[in-house]
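Written below as C-alpha cells is the structure these notes are about.
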Amino acid sequence: MTTETLPKQDKADSAIGVHVKGYFERVKGGELGALPAVFGLVILCVVFSILRPAFLSAVNFANLFTQGAAVTVIAMGLIFVLLLGEIDLSAGFASGVCAAVLAVLLTLQGWPWYLAVLAAMVTGAVIGFVLGSLVAKLGIPSFVVTLAAFLAFQGVVLLLVKDGTNISIRDETILAIANKNIPPVIGWVGLIVGVVVYAALQLLQARRRTARGLVATPMAVIAARVVTLAVVAGAAVYVLNLERSRNAAIVSLKGVPIVVPLIVILLVVWTFVLRRTAYGRHIYAVGGNAEAARRAGINVDRIRISAFVICSFMASIGGIIAASRANSVDPNTGGSNVLLFAVGAAVIGGTSLFGGKGRALDAVLGGAVVAVIENGMGLMGYSAGVKYVVTGLVLLLAAGVDALSRKRAAATGRR
Amino acid sequence: MSQGPILELRGINKSFGPVQVLHDVAFSAYPGEVTALVGDNGAGKSTLVKCIGGIYPIDSGEYYFEGERVQVNGPRDAAALGVEIVYQDLALCDNLDIVQNMFLGRERRSGLVLDEDTMEEMAAKTLAGLSVRTVKSLRQQVSSLSGGQRQTVAIAKAVLWNSKVVILDEPTAALGVAQTAQVLELVRRLADKGLAVVLISHNMNDVFAVADRIAALYLGRMAAQVKASEVTHSQVVELITAGRSGELGLKNGNGAAS
Ligand SMILES: Nc1ncnc2c1ncn2[C@@H]1O[C@H](COP(=O)(O)OP(=O)(O)OP(=O)(O)O)[C@@H](O)[C@H]1O
Ligand SMILES: [Mg+2]
C-alpha cells in the first residue's frame, strides 16, 4: 500500500498540469464551452454599470432574474431539440398557448392553481408530442413543422384569449412565482446546502475513481470549482437578500426571487438527465451521428419525439412564469422576441446549432447575457427597436462563433 | 479447424425496391478463422453484412447461428447472438468520447445512473487485451482520433461484448501502411482468440495475409467460398471480376442463377 501511495501523489501533482493543459488544448481546438458567454457577460456588466450605475442596484439585480427567467427556461428546453440538430420555432408561442390555457382555466373557469398548472404542462407535452411525431415519423423538416406551428399557435392564443383582450391572473400562488421572494434565511440555507452537496458529490466521485485506479479530477480543480460556485452564488444571494424596497418601513422587499430556485432545480434535473443517464447519452449520440445511434440499437424516433416533448414542456413552464410576471396573459404572451431570445440564449451559452453539442447550463449563461442586454439597454433608454436590432446581432455573433469554432474543430481534426 | 460454421446463411435475397442486390447468397463463417469477403464495388458486400447485422431485413433466406435457425430483426438481435459489425462508414459519434462510443446503446448503469467507472475500466481492459496502446486518453473525443485509432476503437467496440462473430467492412481502406499492418495484426489476433472474423477488403495482399477462407461475391451472387490456401491471387481476381475461374465459380459467369 505505502509503496503505491508515493507515485500516486506524484501523479496527482502533474495531473493538475495535464488537466489545465487539456482544457487549453480543447479551447484552441475550437471547443470554447462557456468561455464566450462568461466573457460577454462580464464585459456587458462592466460596460452597463459604468454607463448606468443603477444597473448595479439590488433592485435591478433582482429584476434581471425575473426578466430573464421565462426565456431561460424555454431555452433550456430548446437545447434538447438543438442537440439533435433540429429547431423548434414554435417554442415561444407554445409557451403562449400554455399560458393562455392556464389563464382561461384559472381565471375564467375558476380551477385551483395546481390543476391549471398541470393542464398547462400537459398541453405543452402534447404539443411537443405532436410536433416531434410529425418530424420523426413523417420526416417533415422540423423547421417547417415548427414554422407552421408558430403561426397556428399564434392563432390559438388569439382564440383562447378572445380577440385581443387580456386575461388577468389573480391566483396568489401563480403570481408569487415571478413576483415574490424566498425569506433571506432560507436563501442562505439553500445556498450552503447546494454548495456542500456539490462539493461532496465531486469529492466522492474523485475518491471513487482514484480507488479504482482511474484518472480523477485533481483536488485543486475541484477546490477551484467549489470556491467559484460558492463565491458567485454567495454574492448573488447576498445582494438579493439586501433590502430593495424604497420604503422598507411600509413594505419590505428582500430575498431571492422564487424563480431562481425554480431555475436551479430545472438546471440540476436536466443536467443530470443529459450527463448521467443513458437517455441523455442517446440524445448526444443521435445529434452527433443519427445513423451510428440507430446501428447501436437506439430508437432514434423515440429520442426525437421525446426531445420535442421536453422542449414544449419547458415552454409551458416558461409560459407560466411569463404569465406570473405580467399578471396576465394577452395575445402577445410568448410572442415577439421570446423565441429569438430563447434560441439566442442557447446559442450564446454555447449550444451548437449543428447538433450534438450543448448543456443545460448554456441556457442559464446565455439567458443571463440576453437578460443583461435587454435590461441594460432599457436602462439606457434605448427604444425597443434598438434592443431588437442589438439582440439580433448578438445572436448572429453567437451563431458565427459556433460556426467558426466548428470550422476550427474540423481544421484541428476534432470533428 | 474442422469445426462447423458458427454463422451460416442460405439462399439470402435482398432487394431495394426494384433493384435486387443479393441473389440466393450462401455464406458461412468459422470460429478461429478469418473469412475474407471479396467482390467488386457494388457487388453487395456491405449489403450482405448489413443483412447479417440486422440493419436491413432480408427478403428471404435462412440465417443459422451455431446450427440453430434464428430470426434477426434488428441490430439488437444480432448483438444478442454475439454478432458485431464494424461498418465501412465507421458509425462512431464524433461528439462522444472513446468509452461512450464503445458502450453506445448498451451503457452500463447502476440504477438510473450511468456507471462511467465500470465502463471506463472495461474499455481499458478490452483495449489492453487487444494490445492497443496508441490512444492517449479514453476520455478523448473520437473526433480527435486518427483514422487508424478510430478503426481500433470501432473494432474494440465490437469485441467488448464477448462477441463470437466480428465482421469488418473495409477496415483498412483509408489507412496508411503502418496503420494497415496494425489493424491486420489486430484482425489476426481476434481470430486466434477463437472468434469468427469476417474481413471485407479490396486489397488482395491484405486478404492473403490474414484470411483462412475467401468468399467472392459477383454481382450479388456468391461465386465461390474457398480455402485461401487452395487458390491463387489471380484466381480470386478472376472470381471477383468474372464470377468464375476454371472449375470454380458460377456456372454462367453473367449471373443467370445456377
Ligand atoms: N440503401 C440502398 N438503397 C438502394 N440501393 C442500394 C442501397 N444500398 C446499396 N445499394 C445498391 O446495392 C448494390 C450493392 O451495394 P454494396 O454497398 O453492398 O456494395 P459493396 O460490395 O459493399 O461495394 P463497395 O466495395 O463499393 O463498398 C449497389 O449497386 C448499390 O447501389
Ligand atoms: Mg461496401
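The values are calculated or read from the model by the stated rules, or taken from the named source; none is laboratory data. It should be emphasised that the depicted structure is a prediction, and the values quoted were computed from it without experimental measurement. So basically every Cβ, Gly included, is an ideal-geometry build from the backbone, and we count neighbours across all protein chains shown. Remember, those area values only see protein heavy atoms, side chains included, never the ligands or the DNA or RNA. Shrake-Rupley method; radii C 1.70, N 1.55, O 1.52, S 1.80 Å.
Hey, can you tell me all the residues within the stretch A:341-363 that are buried (at least 24 other Cβ atoms within 10 Å of the Cβ) and within 8 Å of the chain's Cα centre (by Cα)?
A:Ala345, A:Ala346, A:Ala360, A:Asp362, A:Ala363
Somewhere in the stretch A:185-205, is a residue touching a residue at least 60 places away in the same chain (Cβ under 8 Å) and loosely packed, with under 13 Cβ neighbours inside 10 Å?
Looking through the stretch A:185-205, none of the residues is touching a residue at least 60 places away in the same chain (Cβ under 8 Å) and loosely packed, with under 13 Cβ neighbours inside 10 Å.
Using beta carbons and a limit of 6 Å, which pairs, at least six apart or on different chains, have the first residue in the stretch B:161-178 and within 14 Å of chain A (Cβ to nearest Cβ) and the second one within 12 Å of ligand 1 (Cβ to nearest atom)?
What qualifies is B:Ile167/B:Val49; B:Asp169/B:Ser46; B:Asp169/B:Val49; B:Asp169/B:Tyr87; B:Asp169/B:Gln88; B:Asp169/B:Ile200.
List, please: which pairs have Cβ atoms under 6 Å, are six or more places apart or on different chains, and start with a residue in the stretch B:19-44 that is over 18 Å from B:Glu8 (Cβ atoms) and end with one that is near ligand 2 (Cβ under 10 Å from one of its atoms)?
B:Val21/B:Gly44; B:Val21/B:Thr47; B:Gly39/B:Lys45
Return the residues of the stretch B:59-87 that are away from every other protein chain (no Cβ under 12 Å) and within 16 Å of ligand 1 (Cβ to nearest atom); say none if nothing qualifies.
Hits for the stretch B:59-87 are B:Asp59, B:Gly61.
Do we have B:Leu217 as hydrophobic (A, V, I, L, M, F, W, C), in contact with a Lys or Arg (Cβ under 9 Å, 6 or more places away or on another chain) and within 30 Å of B:Ser15 (Cβ to Cβ) here?
Judged against the criteria, B:Leu217 is a match.
Check A:Ser336 against each of (1) among the small types (Gly, Ala, Ser); (2) away from chain B (no Cβ under 14 Å); (3) open to solvent by less than 10 Å² (accessible area, probe 1.4 Å) and name the one condition it does not meet.
(3)
I'd like to check something: does the stretch B:182-192 contain any residue that is touching a Phe, Trp or Tyr at 6+ places or on another chain (Cβ under 9 Å), away from ligand 1 (no atom under 16 Å from the Cβ) and open to solvent by 10 Å² or more (accessible area, probe 1.4 Å)?
No, the stretch B:182-192 has no match at all.
Could you figure out which of (1) touching an Asp or Glu at 6+ places or on another chain (Cβ under 7 Å); (2) more than 9 Å from every other protein chain (Cβ to nearest Cβ); (3) open to solvent by 50 Å² or more (accessible area, probe 1.4 Å); (4) not hydroxyl-bearing (Ser, Thr, Tyr) isn't true of B:Arg139?
(2)
Kindly check whether there is at least one residue in the stretch A:68-77 that is more than 30 Å from A:Leu253 (Cβ to Cβ) and part of a helix (DSSP H, G or I).
Yes, the stretch A:68-77 contains a residue that is more than 30 Å from A:Leu253 (Cβ to Cβ) and part of a helix (DSSP H, G or I).
When the stretch A:203-230 is examined, which residues are found to be polar (S, T, N, Q) and within 14 Å of chain B (Cβ to nearest Cβ)?
A:Gln205, A:Thr210, A:Thr217
Among the listed residues A:Leu134, A:Leu89, A:Leu106, which satisfies the condition of being outside any helix (DSSP H, G or I) and surrounded by 19 or more Cβ atoms within 10 Å (Cβ to Cβ)?
The match here is A:Leu89.
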